[in-house]
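Beneath this line is the structure, given in structure tokens, with notes to follow.
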Amino acid sequence: MNLDRLYNLSDVREAARKRLPKGIFEFIDRGAEDDEALAHNREAFRRIKARPQALLDVSQRSCEATMLGERFSMPMAIAPTGAAGLVWYQGEMELAKAAAATGIPFTIATRSMSSLEEIVALGGTLWYQLYVFTDRAQTWKLIDRVAGSGAKALLVTADVPVQPNREFNRRNGYTFPFKATPRSVIDMLRHPRWLIEVIGKYQRTTGIPQYEKMPEYAENLTFEDIRELRRRWPGQLLVKGILRADDAKKAVDCGADGVVVSNHGGRCLDVSAAPIDVLPEIVDAVGHRASVLMDSGVRRGTDIAKAVAFGAQGVLSGRPGLLGLSLAGQPGAEHVLGILRRELLIAMGQLGCAKLSELGPHLFGHPALIRSGRREHA
Ligand SMILES: Cc1cc2nc3c(=O)[nH]c(=O)nc-3n(C[C@H](O)[C@H](O)[C@H](O)COP(=O)(O)O)c2cc1C
């Protein structure tokens, strides 16, 4: 795969669409129900237009960022997905290596194929995404194990109170636990490169990986659990999947160190607001006493610049890394991270900013600020 000819994330997505079985590609790429939240996440970014500052010296630019008190090469982390092992042989390890080589955190998902300990051994900053189990005793046992591993932050997912409605997975014959159907088998046979490079390698070595067997996820997760997690978890505690200022305040009042403003990449509630639209009000509500990260729909360096300008310490990125990974393993994922970093540095230069701290809402006409009648910073 000649990565040099993939100039942006749309090119990467198109190449991944050809390589992956349709069922796996759609499992990663699509959202929920009618894909409205997915499209709206992009549309919300698109609506934000810049008023760049002219005639400033931007010859020396740096996009180094502090997230959760640690310094990184850019304001981005790999979002938890647990799908990397489906698109590349030992994909989670490859993606974690790409993150470490780029100098950004990797978030391992509860629903993961490689073990926590294997990934920790690779080095780099590790965050852990937690799905709380109905059986709380098992949850507390898991987070003790995570704390012992050296993971720096726990991201508790709050936006999957019930299983989302994703009809395309059923239509494609991709359900969990996976059961082969004629449709899914034909789909895989039509993608021989994936079959040989991913399934073939697993068969010759470790066998087809399975998700670690986990207890069922809680449908009764509440803010009381956040309080309890605060008592038990020694590191940074973030609540992931917040779209309201009042929820962000409650999370921080319960002891969270921060929130991830997210609609799960449009994969849960198909009518949910776009995170970039609600980011300013959440930063207003808790930004002075907590860390605010955001994700969902980041596909260009300009999107990262917008998120940082509106107060996010950084963004999480889910699909782009997975799709890059599916083309060439670690180098494919690194290629994607390199594109985003380069684009961010160009965006900063174009906006007249040498450092991330110079990005601010004054550079953009943000619909949320205009709607609420607030004056933008001059
Ligand atoms: C295939 C896939 C699996 C995901 N699995 C999880 C998960 O297990 N837990 C979680 O909190 N978020 C999960 N997410 C959501 C991501 O962490 C993140 O919020 C989202 O992908 C961000 O949007 P983006 O893909 O547009 O960057 C998943 C996303 C994808 C694409």
message: Can you compute the charge dipole magnitude of the chain about its Cα centre, using +1 on each Lys and Arg Cβ and -1 on each Asp and Glu Cβ, nothing else charged? Give it in debye, rounded to the nearest 20.
response: 600 debye
- prompt: Quick one: Cα centre-to-centre distance for the stretch 229-308 and the stretch 1-38, in angstrom?
  reply: 25 Å
- line: Of the residues I78, L20, Q313, the Cα lying farthest along the dipole of the stretch 3-371 towards its positive end, which is defined by charges on the beta carbon of Lys, Arg, Asp and Glu, belongs to L20
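Mind ordering 179-190, 256-267, 122-133, 226-237 by average Cβ neighbours within 10 Å, highest first? Could you put the intermediate results ahead of the total?
Details: 179-190: 13.0, 256-267: 26.8, 122-133: 21.0, 226-237: 16.7.
Averaged packing, sorted descending, gives the order 256-267, 122-133, 226-237, 179-190.
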- request: Show me 327-334, 309-316, 33-40 ranked by packing, highest mean number of other Cβ atoms within 10 Å first.
  value: 309-316, 327-334, 33-40
- prompt: If you take every DSSP beta bridge whose two residues both sit in the stretch 3-371, what share of them, in percent to the nearest 5, is antiparallel?
  reply: 20 percent
field: Ellipsoid semi-axes in whole angstrom, largest first, where each is sqrt(5λ) of the Cα gyration tensor of the stretch 290-335
entry: 24, 10, 8
field: Alpha carbon convex hull of the chain, volume per residue in cubic angstrom
entry: 130 Å³
message: Using DSSP to call loops (not H, G, I, E or B), can you name the chymotrypsin sites (Phe, Trp or Tyr not before Pro) in the stretch 1-101 whose Cβ has at most 13 other Cβ atoms within 10 angstrom?
response: Y7
task: Rounded to the nearest Å, what's the spacing between the alpha carbon centres of the stretch 309-337 and the stretch 88-120? Just the number, please.
output: 12 Å
query: What's the exposure ranking of E197, E14, going from fewest to most Cβ atoms within 10 Å?
result: E14, E197
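Hydropathy at least 0.0 by Kyte-Doolittle, axial extent at least 24 angstrom from the Cα trace: which helices of the chain, defined as entire DSSP H runs, fit?
330-351
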task: Any of K49/K306; K152/K213; K179/K240 with alpha carbons more than 21 Å apart? Name them for me.
output: K152/K213; K179/K240
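Every number here is computed from the coordinates shown, using simple stated rules; none is lab data. Please read all numbers here as calculations on a predicted model, not as lab measurements. Cβ sites come from the backbone with ideal geometry, for glycine too, and all protein chains shown count toward neighbours.
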